[in-house]
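*Asks:* Handing you a structure now.
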Amino acid sequence: GAGVSQSPSNKVTEKGKDVELRCDPISGHTALYWYRQSLGQGLEFLIYFQGNSAPDKSGLPSDRFSAERTGGSVSTLTIQRTQQEDSAVYLCASRQGAGTDTQYFGPGTRLTVL
Amino acid sequence: AQKITQTQPGMFVQEKEAVTLDCTYDTSDPSYGLFWYKQPSSGEMIFLIYQGSYDQQNATEGRYSLNFQKARKSANLVISASQLGDSAMYFCAMRGNQGGKLIFGQGTELSVKP
C-alpha cells in the first residue's frame, strides 16, 4: 500500500546544470500532477498527465521545464539550465482517475540552485 | 478566473479546543471540488477532507469537518478537540473542471498550545 514516492528528496545543483526529478504514483492511479511550492509563489500547478491523453502543460513556467510519463506510471520532471529562481519544493500527486477527485501527494523534492 | 483566499496567515488554539480555519473561493464553474490539506514541518501534503459542489451535506472526517456555505462561497475547516500534532500549515484548495488541477490558497499556520 505504498503512497506516492519521489526522488531525490533533496537536490543541490549549480546554476546552469540540468536536473531530473522522479515521481512514482500510487499503483493504478491514472492521473499524475506536478506542483511547485516556493516562498514567493505559494503552490503552483505545473503539468498534468491523464492516461494516454496529451499532457496539460499550461503551468510550466518556461521552456526549460519539461516532463514525461513513461508507461502510464513513473514521471520525470526535467529542468534544463537551472536558475536560482527554480529553487523550490517540487511536489508530485496522483489521482485514481475518472470519478474521483482526491489527489495524494508525495513527500516532495527540495531543489536548491546555487 | 478561479481563486482561493485564506485570510488567516497564523492561528493559535489551546489544546483540546476547537478551531475554525477560513477559506473563501471564487469560481464560475458549476461543478467544483474543495479540499483541505495539512502540511507539517516535514513537508508532506496530507489530504484531510473533500467537499463536492453538489454535496448536500457538510463533509466530516473524524475530528475534521468542512463548513460549506455555497451561497457565501466559503469552505471553512473546523478541527475539534485540537491536539499538539495538529500544529502545521493548512491549505485550502479547489479543483476546477480542467483536468482536476488544484488551485491553492496561501495557507494558514496553526499552532496548538499545551
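*Asks:* Post the alpha-carbon centroid distance, segment A:1-61 to segment B:1-42, in whole angstrom.
*Replies:* 23 Å
*Asks:* Please compute, for peptide B:101-110, the average count of beta-carbon atoms on other protein chains lying within 10 Å of each residue's beta-carbon.
*Replies:* Counting other chains' Cβ atoms within 10 Å and averaging over B:101-110 gives 4.
*Asks:* Once the dipole of chain A is set up with Lys and Arg at +1 and Asp and Glu at -1 on Cβ about the Cα centre, which of A:Phe49, A:Ser62, A:Gly97 lies farthest towards its positive end?
*Replies:* Positive-most Cα among the choices belongs to A:Ser62.
*Asks:* At a 1.4 Å probe, what is the % contribution of carbon and sulfur to the accessible area of chain A? Write out the running numbers ahead of the final one.
*Replies:* Details: 2460 of 5540 Å².
After summing per-atom areas, the C and S share lands at 44 percent.
*Asks:* Cross-link list B:Lys16/B:Lys101; B:Lys16/B:Lys73; B:Lys38/B:Lys73; B:Lys3/B:Lys38; B:Lys73/B:Lys113; B:Lys3/B:Lys101: which exceed 23 angstrom alpha carbon to alpha carbon? Numbers along the way, then the final one.
*Replies:* Values: B:Lys16/B:Lys101 35 Å; B:Lys16/B:Lys73 29 Å; B:Lys38/B:Lys73 21 Å; B:Lys3/B:Lys38 19 Å; B:Lys73/B:Lys113 30 Å; B:Lys3/B:Lys101 13 Å.
Check vs 23 Å cut-off fails for B:Lys16/B:Lys101; B:Lys16/B:Lys73; B:Lys73/B:Lys113.
*Asks:* For segment B:22-72, what is the charge dipole size about the Cα centre, in debye to the nearest 20, if Lys and Arg each add +1 at the Cβ and Asp and Glu each add -1 at the Cβ? Intermediate results must be reported in sequence, preceding the final value.
*Replies:* On the way: 4 positive and 6 negative charges, 30 e Å.
My answer is approximately 140 debye.
*Asks:* A further question on this structure: Quick one: net charge of A:Val89's neighbours, Cβ under 9 Å, K/R +1, D/E -1? Mind showing how you got there, number by number?
*Replies:* Numbers: positive: A:Arg36, A:Arg110; negative: none.
Overall, the nearby charge balance is +2.
*Asks:* May I pose another question? According to the Cα gyration tensor, what semi-axes, each the square root of 5 times an eigenvalue, does the equivalent ellipsoid of segment A:25-84 have, listed from largest to smallest in whole Å? Present the calculation step by step, with values, prior to reporting the outcome.
*Replies:* Numbers: eigenvalues 93, 33, 21 Å².
Semi-axes, largest first: 22, 13, 10 Å.
*Asks:* Please list, or write none, the lysines whose alpha carbon is within less than 27 Å of the alpha carbon of A:Lys17, excluding same-chain residues fewer than 8 places away.
*Replies:* Cα-Cα hits under 27 Å: A:Lys57.
*Asks:* Which of the peptides A:7-19, B:83-95 is most tightly packed, and how do the rest follow, judged by the mean count of other Cβ atoms within 10 Å per residue? Don't skip to the answer; put the middle values down first.
*Replies:* Numbers: A:7-19: 12.7, B:83-95: 19.3.
The packing order, highest mean first, is B:83-95, A:7-19.
*Asks:* Let me ask something else. To the nearest 20 debye, what is the magnitude of the charge dipole of chain A about its Cα centre, counting +1 on the Cβ of each Lys and Arg and -1 on the Cβ of each Asp and Glu? Write out the running numbers ahead of the final one.
*Replies:* Working: 11 positive and 11 negative charges, 31 e Å.
That gives a dipole near 140 debye.
*Asks:* Report, as an integer, the average count of C-beta atoms from other chains found within 10 Å of each Cβ along B:40-46. Intermediate values should be presented prior to the final figure.
*Replies:* Values: counts 0, 0, 2, 9, 8, 13, 2.
Partner-chain Cβ atoms within 10 Å, mean over residues of B:40-46: 5.
*Asks:* Show me you know the interface measure: the accessible area buried between A and B, both chains summed, probe 1.4 Å, in Å² to the nearest 100. All intermediate terms of the calculation are to be shown ahead of the outcome.
*Replies:* On the way: alone 6270 and 6280 Å², together 11120 Å².
The buried area between A and B, both sides summed, comes to about 1400 Å².
*Asks:* Given springs between every Cα pair under 10 Å in a Gaussian network model of chain A, which of A:Ser62, A:Ser73, A:Ser87 has the largest fluctuation?
*Replies:* It is A:Ser62.
*Asks:* Direction-averaged shadow area of the convex hull around the Cα atoms of the protein assembly as shown, nm²? Don't jump to the answer; show the numbers that get you there.
*Replies:* Details: hull surface 51.1 nm².
Mean orientational projected area (the protein assembly as shown, Cα hull): 12.8 nm².
*Asks:* Give the accessible surface of chain B per residue, rounded to a whole number of Å², with probe radius 1.4 Å and ligands, DNA and RNA excluded. It would help to have the intermediate numbers written out before the result.
*Replies:* Working: 5580 Å² over 114 residues.
Using a 1.4 Å probe on heavy atoms only, each residue of chain B averages 49 Å².
*Asks:* Another question about this same structure. Nothing charged except the Cβ atoms of Lys and Arg (+1) and of Asp and Glu (-1): what's the magnitude of the dipole of the protein assembly as shown about its Cα centre? Round to the nearest 20 debye. Write out the running numbers ahead of the final one.
*Replies:* Numbers: 21 positive and 21 negative charges, 20 e Å.
With only Lys, Arg, Asp and Glu charged at Cβ, the dipole is about 100 debye.
*Asks:* Further, regarding this structure: Dividing the alpha-carbon Rg of chain A by 2.2 N^0.38 Å yields what? Write down the numbers at each step before the final one.
*Replies:* Working: Rg = 13.4 Å, N = 114, 2.2 N^0.38 = 13.3 Å.
Cα Rg divided by the expected 2.2 N^0.38 Å: 1.01.
*Asks:* I need the semi-axes of the equivalent ellipsoid of segment B:1-78: take the C-alpha gyration tensor, multiply each eigenvalue by 5, square-root it, list largest first in whole angstrom.
*Replies:* Details: eigenvalues 95, 42, 34 Å².
Ellipsoid semi-axes (Å, largest first): 22, 14, 13.
The values are calculated or read from the model by the stated rules, or taken from the named source; none is laboratory data. Fair warning: this is a prediction, and the values are worked out from it, not measured in the lab. Neighbour counts are summed over all protein chains in view; Cβ atoms, including those assigned to glycine, are modelled from backbone coordinates with ideal geometry. Only protein heavy atoms, including side chains, enter the accessible area calculation; ligands, DNA and RNA are left aside. Shrake-Rupley method; radii C 1.70, N 1.55, O 1.52, S 1.80 Å.
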